There are 2 protein chains.
Amino acid sequence: MRWSRFFAYTLKEAPKDAVVASHKYLVRGGYIKQVAAGIYDFAPLGKMVLDNIRNIIKEEMDKAGAQEVMLSFVTPYELWEETGRAKKYGDELLRIEDRKGQKFVLSPTNEESVVDLVRGTIKSYKQLPVNLYQINLKFRDEARPRFGLLRGREFIMKDAYSFHATREDLDREFNLMQETYEKIFERMGLDFRVVEADSGAIGGSGSREFMVLADTGEDDIVVCSECNYAANIEVATRKHEKRENPVKTEVIEEVYTPDKKSIEEVCEFLGIDPYFSIKAVAKKAIYDDGKEEVVVFFVRGTDSLEETKAKNAIGALELVDASEEELEKAGLVPGFIGPFGLPFDVKYVIDDDLRMAEELVCGANKKDYHIKGAGLLDANLLGNLTIYRDIAAVKEGDKCPKCGAPLRITKGIEVGHIFKLGTVYSEPMNATFLDENGKAKPFIMGCYGIGVSRLIAAAIEQNHDDKGIVWPKEIAPFVVDIIVGDVKKTEQLEFAEKLYEDLQKAGVKVMLDDRAERFGPKIADFELVGFPVGVIVGKKLKDGKVEVRDRKTGEKFEVEAGEAFEKVMELINR
Amino acid sequence: MRWSRFFAYTLKEAPKDAVVASHKYLVRGGYIKQVAAGIYDFAPLGKMVLDNIRNIIKEEMDKAGAQEVMLSFVTPYELWEETGRAKKYGDELLRIEDRKGQKFVLSPTNEESVVDLVRGTIKSYKQLPVNLYQINLKFRDEARPRFGLLRGREFIMKDAYSFHATREDLDREFNLMQETYEKIFERMGLDFRVVEADSGAIGGSGSREFMVLADTGEDDIVVCSECNYAANIEVATRKHEKRENPVKTEVIEEVYTPDKKSIEEVCEFLGIDPYFSIKAVAKKAIYDDGKEEVVVFFVRGTDSLEETKAKNAIGALELVDASEEELEKAGLVPGFIGPFGLPFDVKYVIDDDLRMAEELVCGANKKDYHIKGAGLLDANLLGNLTIYRDIAAVKEGDKCPKCGAPLRITKGIEVGHIFKLGTVYSEPMNATFLDENGKAKPFIMGCYGIGVSRLIAAAIEQNHDDKGIVWPKEIAPFVVDIIVGDVKKTEQLEFAEKLYEDLQKAGVKVMLDDRAERFGPKIADFELVGFPVGVIVGKKLKDGKVEVRDRKTGEKFEVEAGEAFEKVMELINR
């Protein structure tokens, strides 16, 4: 491509709301342009990167035997009523009406659609398994769209849905998809981790996420420093450590702790290791039937509550902060809540790590008082509603549940998620096949997503510097940028044109920067737009020299003009 | 692809509302499945055909120097307000609101979006010309979606928009796009015509349509029997024929024509050739500012009114039938309307063919009376508002405007439309560039559309028989279908597998029908789904023979098994 004929532009200023590198550089580099909050146009450069990613995904999905379909984007609301998600999905599901008043949704995901496509057309176990995928538009009406393509409203997703006669066959496909995803992200040149994950609103029995590692990631990932254990913090577990409290209390006693509300204050005041205390986190839970109630979660003083775990523990749709008034109305004493003597009708959950723990300090449910020497040995003390669940967040230094080595926490951007759905969708939608005995059974399903447009941003979050993007060559819009120092100098232009043609013949994607621009801005554009290799055809050509640059390492090689082609190919292939 | 592992199914019954072949066969052949009125899922077979078409279009657009973008599908309503189309576009524009109450539209076309992308990023004439295209989702909330993919609501369109500094450069690009479109439709193996066309709601100064010829087409195309003249009936013209009325009337006179309201009745009653009569067609015109009025159109008794021409003649948004009450309220006498003595404030238009015509019969604007011997020589007779326009529909046998040979009328399906927009969009949107003298000028634009998903249906309307689809090989999902007569016979399966692999190696798209099905249904599926070439590996393989079929001609060739490959390649390449 010749830049002089190409619709590519670069901007000096990043948008005011751009806080992450990918958002800034995608807009400044002329890849995307914002249309509305979370909605973007893709300019030619952006479309090229999108297509590179799309092609890698399509090739690997096809190789794995999946078949491409295209499900409608505007989808009948009534399909979503069949599974109950019409109500459950929340405000991210944009509901619309056509001119006749019929209700539709803009597809945020397509489980219902694909089940509707398959029911009635796959009739027998002989037609199974089938894995159908699409690379298609999605819309989620995010409350706070942000970070450019990382959390948009309109976006491109690869979603695949598999149908099986048995759980074993689903397991096989789930593993195949994991391998396929690994190949896809490897081919894209990304550093990523496969982690255990929460199944969220999609539902089902098991899931794994694919995380591109990047400091700006919104997800916390727990990884073992020794073995291959990796999990989203939302589901990460740890080895239980049993420490004995060196302090032995003779009797359980109430102690006066005036105005000491936080665990830190109380423990300091009483001279106690916070490990031997119980922290209470009171939340307002909202359920899918609209019901709301205050729920208290108890974790160790040294732990913090993991909200997704907490939500799943009680089956709530959402947890929000409860106000002091709401707590008091529920009979609780803010700052002094503990598991003993709670009002009978307040639901509470205790973290697994506290099971059988003794010699603890906790709130006394009485203003300005805590309890010392409490033990959770006897669950009956706590009444009938006692439930223990894993609700604490794993923290740096906790022990790996697999090997016991210390765990680390790192940041990741979720770019893929695979689920074992089972019959969560096929059962309510009455989608069945006839098994070997002629008996109707609901399809056993898996589903497999990749955030295609988000991957563009994730790749940049992982690969950039303070000058611009550093594309992995597999997804770069152009791999080589030939910069003509002065297009009025015929010898420079001719040499560049020849090199451009030679590289194109060799199958390399090349940009020829033949604009009548100054040299400085051309170099700045090379760095901002992020081409992996640059060739500078400038003044030194008179002496038979050109410069070849590696964008990633910053290395500059002065080579004989006749060796420029080889040097470029060497840098591409190393 | 092995059918046994492929998600393809065929249905015995066509949908009840399917009246055209493409709708029936696309649904029965497992290409598409209806989701709602005018909204379809594409099953793998349908997606393959779509991709074949998409790839041809992309290749030719790229060759022509156009650059692919992806404009947002959900588009801010305010962009549409800038050009006034938010109101003008009518109910096909689906307006939606997000969770915060912001207004958007589902893109039915993207002139506003692309102008918004370009304004501010293209600043100088040096960056022009640019042609940006996309192959993307569109939504038009049709009042009566029908005919499957021919008139859907959600569909795939290729839309391109070019930006120029001069009218001459737009003309050059317009011609280039016409050539590119011709290549595209030729490569798809379609019989089509390029015709002069009306610019409709898109606006602009000139346009051409690309029509796939098919009996079921909704458009009437006027073609010359001798030269290359071709036009949509909405804009077709004809050579003016001047015939002299053999009857000479001494004086203009009112004649009593009791209850004779239609031209036929009146002319028969008066013994007059209807060519020498004036037919009045009264309509209610609706304008884009909401204004409504009765307008009378006068054409020759032997002609009929062409509504698009009539609409354009008065700049109306729509013409609808006027009721007798509405006519009477406007001071008209239904059945007896004529150009002389009309109420002063009734707008009327006379067809060009009647300019200077004499010796005519027309309504007398008086119940039960017509006028004989009227002449239109003296326009002043008709008052100040007299306008002559070409508003009559060209009919079979009229004379070609270019060469005078008889015109024919044929049916076509519009699959492409190219427009010279000029500054219709850039001016109201204030999208300018700096010209050579540093002066800001609005972009001069062209736009170029192809109905991508509609092409699937158009190809079938032109290529089918009573058994199913007859795909042109360039867009067939698979070019060859190898049918194994009995998969339990090892020698049949082995031979078929070998041929399957050989053909795949030769780059041929092959389906291997290895289903444990009876022979009859497999043949029926071959014909319905419409693979261009079939190979039947059946009982005769014992004698070293297989059958090769040409789907289009119906020819059956019994060949030596060893020559099957050559025969298939011969049929593909002929």
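Tabulated results
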item	result
Restricting the stretch A:552-567 to residues that are farther than 20 Å from A:Lys539 by Cβ and part of a helix (DSSP H, G or I), the residue that is least open to solvent (accessible area, probe 1.4 Å)	A:Phe565
So A:Phe443, is it crowded, with 24+ Cβ neighbours inside 10 Å and touching a strand residue (DSSP E or B) at 6+ places or on another chain (Cβ under 7 Å)	yes
Flag if A:Asp198 is assigned by TED's automatic domain parsing to the domain that holds A:Ala316, assigned to a loop (DSSP other than H, G, I, E, B) and not basic (Lys, Arg)	no
Search result, residues across the stretch A:88-131 that are hydroxyl-bearing (Ser, Thr, Tyr), farther than 20 Å from B:Arg515 by Cβ and modelled with pLDDT under 95	A:Tyr89
Condition check for B:Val546: among the aliphatic types (A, V, I, L, M) and over 17 Å from B:Asp486 (Cβ atoms)	no
Condition check for A:Asp486: touching a Phe, Trp or Tyr at 6+ places or on another chain (Cβ under 8 Å), more than 14 Å from every other protein chain (Cβ to nearest Cβ) and open to solvent by 10 Å² or more (accessible area, probe 1.4 Å)	yes
Flag if A:Leu26 is within 9 Å of chain B (Cβ to nearest Cβ) and either surrounded by 16 or more Cβ atoms within 10 Å (Cβ to Cβ) or in a loop (DSSP other than H, G, I, E, B) (or both)	no
Filter result for the condition that a residue is under 20 Å from B:Lys126 (Cα atoms) and basic (Lys, Arg), over A:Lys488, A:Lys505, A:Lys498	A:Lys488
Residues satisfying the stated conditions in the stretch B:103-124, i.e. free of Cβ contacts under 8 Å to residues at least 60 places away in the same chain and within 8 Å of chain A (Cβ to nearest Cβ)	B:Phe104, B:Leu106, B:Ser113, B:Leu117, B:Thr121
Residue, least open to solvent (accessible area, probe 1.4 Å), within the stretch B:400-423, restricted to residues that are under 30 Å from B:Leu50 (Cα atoms) and of a type in the set (Lys, Arg)	B:Lys420
Single residue of B:Gly271, B:Gly338, B:Gly290, B:Gly301 found to be farther than 30 Å from B:Glu92 by Cα, without any contact (Cβ under 8 Å) to a residue 12 or more places away in the chain and small (Gly, Ala, Ser)	B:Gly271
Residue in the stretch B:5-14 that is part of a helix (DSSP H, G or I), touching a helix residue (DSSP H, G or I) at 6+ places or on another chain (Cβ under 8 Å) and more than 7 Å from chain A (Cβ to nearest Cβ) present	no
Flag if A:Gly416 is part of a strand (DSSP E or B), touching a His at 6+ places or on another chain (Cβ under 8 Å), in the same structural domain as A:Phe192 (by TED's automatic domain parsing) and modelled with pLDDT of 95 or more	no
Count - residues of the stretch A:189-205 that are surrounded by 17 or more Cβ atoms within 10 Å (Cβ to Cβ) and farther than 26 Å from A:Pro472 by Cα	7
Those residues of the stretch A:154-188 which are within 14 Å of chain B (Cβ to nearest Cβ), buried (at least 24 other Cβ atoms within 10 Å of the Cβ) and part of a helix (DSSP H, G or I), in sequence order	A:Glu173
Extreme residue, nearest to B:Ala64 (Cα to Cα), among residues of the stretch B:129-144 that are at the interface with another protein chain (Cβ under 10 Å from one of its Cβ atoms) and in a loop (DSSP other than H, G, I, E, B)	B:Pro129
Helices (runs of 4 or more DSSP H) lying entirely in the stretch B:229-335 (those with 2 or more residues that are modelled with pLDDT under 90 and surrounded by fewer than 20 Cβ atoms within 10 Å (Cβ to Cβ))	B:263-270
Candidate set from the stretch B:29-81 (those that are polar (S, T, N, Q) and within 24 Å of A:Gly46 (Cβ to Cβ)); member that is farthest from the other protein chains (Cβ to nearest Cβ)	B:Asn55
Test set (1) under 19 Å from A:Gln127 (Cα atoms); (2) open to solvent by less than 10 Å² (accessible area, probe 1.4 Å); (3) assigned to a strand (DSSP E or B) - A:Ser426 fails condition number	(3)
Among the residues listed as B:Asp62, B:Asp116, the single one being under 17 Å from B:Val424 (Cβ atoms) and assigned by TED's automatic domain parsing to the domain that holds B:Ile184	B:Asp116
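Listed here are the residues, each with its yes/no results for (1) farther than 26 Å from B:Trp471 by Cβ; (2) among the basic types (Lys, Arg); (3) touching a helix residue (DSSP H, G or I) at 6+ places or on another chain (Cβ under 8 Å).
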residue: B:Gln127; (1), (2), (3): yes, no, no
residue: B:Asn136; (1), (2), (3): no, no, no
residue: B:Gly152; (1), (2), (3): no, no, yes
residue: B:Leu170; (1), (2), (3): yes, no, no
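The values are calculated or read from the model by the stated rules, or taken from the named source; none is laboratory data. Please read these numbers as outputs of a predicted model, since none were measured by experiment. Ideal geometry is used to build each Cβ from the backbone, glycine not excepted, and the neighbour counts take in all protein chains shown. Note: areas computed on protein heavy atoms with side chains; ligands, DNA, RNA excluded. Shrake-Rupley method; radii C 1.70, N 1.55, O 1.52, S 1.80 Å.
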